[in-house]
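Structure, as structure tokens:
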Amino acid sequence: MKDEIHAAAKGALVGGILDDEIYDSEIIEAFGSTKQHRGERSLDLPISSIVALRPSDFFRQGATWRSAAQGLHCEGWDRCRDSIVRYFTSNLEDSLFPAPYSYQELRIGFTGGAVYCKLGNHRTAAAKAWLASHYGEEAIFKQANCYYRPVKYSLKPLMEECIDEGSTLKFFYYTTDRFGFKNKLLRKAGIQYLVLVEHASSSCDLYILDSDSENLVPVSPGRNAVSRLLKIDFRSKCLRLDFKVVPVTLMKMMLDENPIWQDS
């Protein structure tokens, strides 16, 4: 099955959907509101509509779906090849992926109009390549469990402003690493998300995205002039974190209510 998936990815249409960049599901999910109207339903989803995976070991940031599928290890998949193919081509709903060590159903999330994988990274990348190879780029995931959230109110005008003015929107989210050093700064401050807007004028605005209120809280430079000069105030330290760019195309997807959800 590994060779089959890799061959499907390698032979995919050049310039087609498998050459699209994989976006970060963690960012898309963080932009979704937990306070506003939410929805759950099973939907037929074009494989082209799913644009993001959670960061994983089989692909790097900025990778394409083609390279991700070629990076799959598919351990133990050969023993259940026929069951996996039936899974790819059947109604998904609450069905468990038949590969070893897979214990839950596929879950797909919507934040506004952006569709991402909530659970099932490996099978999503594999199925996208396999289905495109066997059924074309119009193939679908049949009756996948989908979960909808609108974009957080506080982020909408900021995203629109960045698109209109050509500013760069960046996002940092708290993750846990083995030793906890990477996020010690934010962990001590009780902060999970930071939003950074870089303007064409070289100035920037930094915000805390409050997880409870979903409001943006501006982070001002420290009052101590020496700390600011030495860049050891809290804001300066935050600005040195490894922010991820939120692409304009992704912002537009989130702001554009997806017809797949609206029409279902």
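A few points about this structure:
- Selection of region 99-141 for residues being surrounded by fewer than 17 Cβ atoms within 10 Å (Cβ to Cβ), in contact (Cβ under 8 Å) with a residue 40 or more places away in the chain, under 21 Å from the mean Cα position of the chain (by Cα) and more than 16 Å from Val51 (Cβ to Cβ) yields only Glu105.
- Scope region 71-93; condition assigned to a loop (DSSP other than H, G, I, E, B) and either under 23 Å from Ile22 (Cα atoms) or in contact with a helix residue (DSSP H, G or I) (Cβ under 9 Å, 6 or more places away or on another chain) (or both); matching residues: Gly71, Leu72, His73, Cys74, Glu75, Trp77, Leu92
- Qualifying residue in region 15-37 (condition: surrounded by 14 or more Cβ atoms within 10 Å (Cβ to Cβ) and basic (Lys, Arg)): no
- Qualifying residues in region 130-153 (those that are part of a strand (DSSP E or B) and among the aliphatic types (A, V, I, L, M)) - the one farthest from Ala8 (Cα to Cα): Val151
- Of the residues in region 76-96, none is under 19 Å from Arg149 (Cα atoms), crowded, with 22+ Cβ neighbours inside 10 Å and in contact with a strand residue (DSSP E or B) (Cβ under 7 Å, 6 or more places away or on another chain).
Each reported figure results from applying straightforward, stated rules to the coordinates on display, with no laboratory input. What you see is a predicted model, and the numbers here were worked out from it, not measured in a lab. Methodologically, a virtual Cβ is constructed for each residue, glycine included, from the backbone with ideal geometry; neighbour enumeration extends over all protein chains shown.
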